[in-house]
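The values are calculated or read from the model by the stated rules, or taken from the named source; none is laboratory data. All values reported here derive from a predicted model rather than from experimental measurement. Positions of Cβ are backbone-derived with ideal geometry, glycine not excepted, and every protein chain shown enters the neighbour counts.
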Amino acid sequence: MNVPSTLKYTKTHEWVKIEGNTAVIGITDHAQHELTDIVYIDDFPDIGSSVEKGKIIAIIESVKAVAEVYAAVSGELLAINADLEKSPELLNKAPYDAWIAKVKITKPDEINGLLSADGYKKEFSP
Amino acid sequence: MDYIPHSDEEIQSMMQVVGVSSLEDLFDTVPRCILLDDAKAKAFFKSSALPMQGMAEIELKAHMNIVAAGNKIYRSMFQGAGSYWHFIPATVDYLVSRSEFWTSYTPYQAERSQGYLQAIFEYQSMVAELAGMKYSNASLHDGATALVDAIIMAIFQNKKRGTVMIVGQINPFYLTAAKTALMPRNITFKQVDPETVPQAINEDVLAVVICNPDFFGTILDTAAIVNAVKAKDKSIVAIQCTTEALSLALLKSPGAAGCDIFVGEAQSLGIPMCFGGPALGLIAVMDNKLLHKMPGRIVGFTKETSGDRYGFTLTLTAREQHIRREKALSNICSNEALNMLRAAIYMASLGSTGLCHVAEINVKRANYLKNKLRDVNGFSIINKGPTFNEFAIKVDDDAVVKRVIKECEANDILGPLDLGSLDSKWAGIMLFCVTEMNDVDAINELGTICLEASTK
């Protein structure tokens, strides 16, 4: 399982990359592997709207399941990755390049609550 | 597999767990007055035509003949209002009765169900063509529930809004179904005339439902209405709702008119009236985004992962409950496969030329009666525009309506629908329907009955 040490993680299998006061959010290699072939992503909030940590920011459909993507941090939704609407399979091919949403962080303290790569890996160890 | 019912001990232990002392207690939310006890059951069987005990086949047949003789068989019928009297070619009954179709169930197992999947695919293709839309599903239960699902799709598109605007007269049963199903969502329904659409639009409108032809049979200019709506607000979902699918053969398709979703009732396409059901719900959508929100099954055409063969498969089922569980976008877990098949065979039997021809006969005969009744003293046509195979006539004296219907009954004709019986605001209005089944003699006879009823 690929878990880059440069990123932060959530228990709900999102990765977060902190770039200044922006959080870039995607789903982990483990998540895409469990979902299998991803065929659709939808239900993004409007750009500019405020998102709350733990609330749904997208819905992913794979050939065998439907999964929700949660906001890893609270803030203002700056952008969504429009490429994914046309090519959702990018989430399978390169989960750490295929970002889903960019959020302007309004509660920097929440970053401390995110998991490190080791912490995320531990979630899977017995 | 054996059917093994619960033993008395098992029932006792289960009741202990849930904390009830008897089965009666378990079902005590059911009102006592509707329970069928022994005495009531006996009285019910005595008063009904149902036999008290088993019969030999020969007795049963004789009994059923007696029961069937109680049905009133009309020589001619002039009522539509959502269920239509059309000719069904023999090909329909013959082909659906083939055991390959007759015994099939939902084709989850694509490798064993290629024939049925192909039939569904053909149906979807024909419905899409008729509706002028890109995608159709494998059918819904009926027109009214199809409308409910279309509105739910629109709600997903415009989550923060709460008004559904209805243009033209909506079939009151459809409106009741929509209000009932959407009650927990707190949706407001606003009925408007086509002319007042631009003024009626506000920022709370999530969808506009264009009833075409409407409940009174009037043909609306869907394209003009959609243009007026979209000019004000592009995000409003435009839905055309059609209760007489045959009209699609002649009128501009909802897709060409710019609608996002088409829903309707396809009982007209090869399905008997059957005392009002089961029928066949149509749904079709224009764009890819709505395709992902469309309820029900969809059959696709695809290539094998290994090899060069093509085949049919169920696809995009991620909206359904077996995948989505509590996140399912629709409660539709089934469809009307047999009626869907009837419609597919009907459409294929007639072809596009045949469908247009039948639709033309409907318009011509309905207009023939309309022109006859136009001249009757005290009769006024209330449709503001052209009509398809139905039209509504208002009379000043409601007694005339009752006389027309009574005289029709006496002559074994099912007369027009007394709209006053549905809603008092429609007292004195009769809804007439004429199809290819009503020959000129029958139409003339009805014309004479109306003329006489108006002068008595």
When you look at A:GLU85, is it within 14 Å of chain B (Cβ to nearest Cβ), part of a helix (DSSP H, G or I) and among the charged types (D, E, K, R), yes or no?
yes
Quickly run through segment A:14-48 and pick out the residues that are in a loop (DSSP other than H, G, I, E, B), away from chain B (no Cβ under 14 Å) and more than 14 Å from the chain's Cα centre (by Cα).
A:GLY20, A:ASN21, A:ILE47, A:GLY48
Looking at segment A:65-84, can you tell me whether even one residue there is over 15 Å from the mean Cα position of the chain (by Cα) and polar (S, T, N, Q)?
no
Would you say B:LEU251 is in contact (Cβ under 8 Å) with a residue 60 or more places away in the chain, out of contact with any Lys or Arg (no Cβ under 8 Å at 6 or more places or on another chain), not hydroxyl-bearing (Ser, Thr, Tyr) and not in a helix (DSSP H, G or I)?
yes
Restrict the check to segment B:283-297 and report whether at least one residue is of a type in the set (Gly, Ala, Ser) and in contact with a Gly (Cβ under 6 Å, 6 or more places away or on another chain).
no
Count, please, the residues in segment B:18-45 that happen to be surrounded by 10 or more Cβ atoms within 10 Å (Cβ to Cβ), outside any helix (DSSP H, G or I) and of a type in the set (Asp, Glu).
1
In segment A:88-107, is there at least one residue being without any contact (Cβ under 8 Å) to a residue 12 or more places away in the chain, over 19 Å from B:LEU290 (Cα atoms), out of contact with any helix residue (DSSP H, G or I) (no Cβ under 7 Å at 6 or more places or on another chain) and not acidic (Asp, Glu)?
yes
Here are some conditions: (1) exposed (fewer than 15 other Cβ atoms within 10 Å of the Cβ); (2) at pLDDT 95 or above. A:SER49 meets all but one. Which one does it not meet?
(2)
State whether the residues of segment B:299-310 include one that is over 25 Å from B:PHE78 (Cβ atoms), within 14 Å of chain A (Cβ to nearest Cβ) and modelled with pLDDT of 90 or more.
yes
Any idea how many residues of segment B:311-351 are within 10 Å of chain A (Cβ to nearest Cβ), modelled with pLDDT of 70 or more and on the phi > 0 side of the Ramachandran plot?
1
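Name the single residue, out of those in segment A:1-11 being buried (at least 16 other Cβ atoms within 10 Å of the Cβ) and of a type outside the set (A, V, I, L, M, F, W, C), that is farthest from the chain's Cα centre (by Cα).
In this case the residue turns out to be A:LYS8.
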Inspect segment B:65-79 for any residue being at positive phi and in contact (Cβ under 8 Å) with a residue 24 or more places away in the chain and give the result as yes or no.
no
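Residue by residue, here is whether (1) in contact with a His (Cβ under 6 Å, 6 or more places away or on another chain); (2) charged (D, E, K, R); (3) over 14 Å from B:LEU446 (Cβ atoms) holds:
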| residue | (1), (2), (3) |
| --- | --- |
| B:LYS364 | no, yes, yes |
| B:VAL376 | no, no, no |
| B:LYS402 | no, yes, yes |
| B:ILE405 | no, no, no |
| B:ASP423 | no, yes, yes |
| B:ALA427 | no, no, yes |
Looking only at segment B:47-60, count how many residues are exposed (fewer than 11 other Cβ atoms within 10 Å of the Cβ) and either of a type in the set (A, V, I, L, M) or at pLDDT 75 or above (or both).
7
A:ILE41 being without any contact (Cβ under 8 Å) to a residue 40 or more places away in the chain and hydrophobic (A, V, I, L, M, F, W, C)
no
Regarding segment A:57-80, can at least one residue be identified that is away from every other protein chain (no Cβ under 13 Å) and touching a residue at least 60 places away in the same chain (Cβ under 8 Å)?
yes
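Residue by residue, here is whether (1) assigned to a helix (DSSP H, G or I); (2) surrounded by 15 or more Cβ atoms within 10 Å (Cβ to Cβ) holds:
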{"site": "B:SER125", "(1), (2)": "yes, yes"}
{"site": "B:GLU129", "(1), (2)": "yes, yes"}
{"site": "B:ALA144", "(1), (2)": "yes, yes"}
{"site": "B:ASP149", "(1), (2)": "yes, yes"}
{"site": "B:ARG161", "(1), (2)": "no, yes"}
{"site": "B:VAL164", "(1), (2)": "no, yes"}
{"site": "B:ALA177", "(1), (2)": "yes, yes"}
{"site": "B:PHE189", "(1), (2)": "no, yes"}
{"site": "B:THR196", "(1), (2)": "yes, no"}
Residue tally, condition more than 19 Å from B:THR317 (Cβ to Cβ) and free of Cβ contacts under 8 Å to residues at least 40 places away in the same chain, over segment B:103-124
2
